[in-house]
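Asks: Have a look at the structure that comes next, please.
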Amino acid sequence: MGPIVPLFNISNEINLLMAFIIGLGFGFVLEQAGFSSSRKLAGMFYGYDITVLKVFFTAAITGMLGLIFLNFMGLIDLDIVYINEYYVTSSIIGGVIMGAGFIIGGFCPGTSFTAAAIGKIDAMWFVFGSIVGIFIFGEVYPLLETMYMSNYEGSVKISTILGIRDGYFALLLIVVASLMFWIGEIAEKKFKREDIIDEI
Amino acid sequence: MNTRIIFTIIVISLGSIAAILPKTKTSSTQLTADELLMEMKLQTYVVSTDELADLLISNDPAIMLIDVRDSVAYQQYHLPGAINIPLKDLLHPDWIPYVDQISKKNIFYSNGTTLSNEAWIVTKQLGFRNNYVLGGGLNEWFSSIISPERPASTDPNEIWALYETRKAASMYFSGSKPAAREDNSTILPPIPRKKKTRVQGGCS
């Protein structure tokens, strides 16, 4: 992770403190939005709750529009904004494993911690499992390294691959996301499940 | 109207604005004219000849002198340890690792300060760090260090102290010195710096 506040030369400790405070806020929001319930994440898979889809795409759209407008106003340098590096093979394999983990465990890494924080035992086991997984991955990494590093594409933007301007891609993504939200809500009605919170 | 419809309209219109915005490029490293003028006014990038003489005499390993004049002038005379990067070749890929690095203090010099200042402005605008200019250039080097002017006898002690230091430096740079050890060392090319540091990050 890089400095949270790269504008000034503030010490690493202050940076970590800022990260901690932001992290607390993030965790609090996740919990308040009901993400510590594994039904929210599983609902995405079964189609009866598309909150996760909405939240992730809303976050993406907000961030995307923010970056485009700030860049236009001369307030942010897009060249030094971190773009995740793209390793095709490991992205696909990792995506499948992560997706399976989502639906089996009912948490994403972030929500598992918020759920563990409010005392959910399955979430604590989930966190424990993540740590075991991290340990195993670290131990067998030399065996996986070739596969892990293969098909490296660098830091690429989808708009660059499509050969269109960032703004056009933003509009495209917004239209697609809006369509998904509307279709998702139809699906929510179709796959509706009874609220079982009271029974638990 | 349904809130969902309102939100959909708002977000799509924001997206449309994003799509029609002209393509702009914001660079965090490039200075505006005002900022550049301020840098020049403050003269923070200037290394005086006295400072340079001191650094050279103490064999400071952290400085790199860069002669931005052409190679003919460089062959005729150059400061000890200087490398030659003519101004027109400043951004040649071979030389980029020398001017875009973070380990040494580069000092540009030319006869006056015109070429060296140009080199500094170019590198500054590209966001390269650790580049400085020799104040007054070689002309100043000769008039202050190699043949310093003798102050009047009524001048204050500080001026005389400076004169004596300069005279000693002059002897160091131009006088007879014990035969130097045979120097087989070559100036090692610096390790190219990685592209502008991006903020590293990850997700959930």
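The values are calculated or read from the model by the stated rules, or taken from the named source; none is laboratory data. From a predicted model like this one, the values you see are computed outputs, not experimental measurements. Cβ coordinates were reconstructed from backbone atoms using ideal geometry, including for glycine residues, and neighbour counts include every protein chain displayed. Note: areas computed on protein heavy atoms with side chains; ligands, DNA, RNA excluded. Shrake-Rupley method; radii C 1.70, N 1.55, O 1.52, S 1.80 Å.
Asks: In nanometres, what is the gap between the two model label sites at residue B:78 and residue A:53, each 7 Å from Cα along Cα-to-Cβ?
Replies: 6.6
Asks: Exposed loop sites here are trypsin sites (Lys or Arg not before Pro) in DSSP loop states with at most 10 other C-beta atoms within 10 Å. What is the longest stretch of chain B lacking them?
Replies: The longest such stretch corresponds to B:26-180.
Asks: Turning to a different aspect of this structure: Using DSSP to call loops (not H, G, I, E or B), can you name the chymotrypsin sites (Phe, Trp or Tyr not before Pro) in the stretch B:1-77 whose Cβ has at most 16 other Cβ atoms within 10 angstrom? Mind showing how you got there, number by number?
Replies: Values: sites: B:7, B:45, B:74, B:77; in loops: B:45, B:77.
Of the chymotrypsin sites (Phe, Trp or Tyr not before Pro), the ones in loops of the stretch B:1-77 whose Cβ has at most 16 other Cβ atoms within 10 Å are B:77.
Asks: Quote the Stokes-Einstein diffusion coefficient, in whole µm² s⁻¹, for the stretch B:33-171, based on the Kirkwood radius over alpha carbon pairs, a temperature of 10 °C and a viscosity of 1.306 mPa s.
Replies: It diffuses with D of about 100 µm²/s by this estimate.
Asks: Could you state, as a whole-number percent, how many of the C-alpha pairs of chain A are farther apart than 27 Å?
Replies: 47
Asks: Further question on the same structure: Which residues make up the longest stretch of chain B that has no GluC sites (Glu not before Pro) in a DSSP loop with at most 11 other Cβ atoms within 10 Å? Write out the running numbers ahead of the final one.
Replies: On the way: sites that count: B:149, B:182.
Answer - B:1-148.
Asks: Once you compute Rg and the Kirkwood Rh from C-alpha atoms, what is the Rg to Rh ratio for the stretch A:97-141?
Replies: Checking Rg against Rh, the ratio lands at 1.00.
Asks: Say a paramagnetic label sat at a point 7 Å from the Cα of residue B:29, along Cα to Cβ; which residues of the stretch B:77-104 have their backbone N under 16 Å from it?
Replies: It comes to B:90-104, nothing else.
Asks: Then there's this: Working out 0.36 nm times the residue gap between residue B:118 and residue B:20, then minus their Cα-Cα distance, what length gain in nm do you get to one decimal?
Replies: Full-extension gain reported as 31.5 nm.
Asks: Still on this structure, please answer the following. At 0.36 nm per residue, and after removing the present C-alpha to C-alpha distance, how many nm does the segment from residue A:96 to residue A:32 gain when stretched out fully?
Replies: My answer for the length gained is 20.2 nm.
Asks: Say a paramagnetic label sat at a point 7 Å from the Cα of residue B:88, along Cα to Cβ; which residues of the stretch B:46-70 have their backbone N under 13 Å from it?
Replies: Flagged as within label range: B:69-70.
Asks: Counting only heavy atoms of protein chains, what accessible area per residue, in Å², does the stretch B:33-171 have with a probe of 1.4 Å?
Replies: 54
Asks: If you find the alpha carbon centre of the stretch B:103-158 and of the stretch A:58-78, how far apart are they in angstrom?
Replies: 43
Asks: A further question follows. Taking both sides together, what accessible area is buried at the A/B interface, probe 1.4 Å, expressed in Å² and rounded to the nearest 100?
Replies: Using a 1.4 Å probe, the pair buries roughly 2600 Å².
Asks: Do you know the relative contact order of the stretch A:34-190, to the nearest whole percent, from alpha carbon pairs under 8 angstrom that are 6+ apart?
Replies: Relative CO of the stretch A:34-190 lands at 36 percent.
Asks: Turning to a different aspect of this structure: Could you tell me which of the pairs B:25/B:104; A:54/A:192; A:157/B:124; A:157/B:25; B:41/B:105; B:41/B:88 are separated by over 23 angstrom between their Cα atoms in the structure shown?
Replies: Over 23 Å Cα-Cα: B:25/B:104; A:157/B:124; B:41/B:88.
Asks: Note down, for the protein assembly as shown, the three equivalent ellipsoid semi-axes (square root of 5 times each alpha carbon gyration tensor eigenvalue), biggest first, whole angstrom.
Replies: For the protein assembly as shown, the semi-axes come out at 61, 25, 20 Å.
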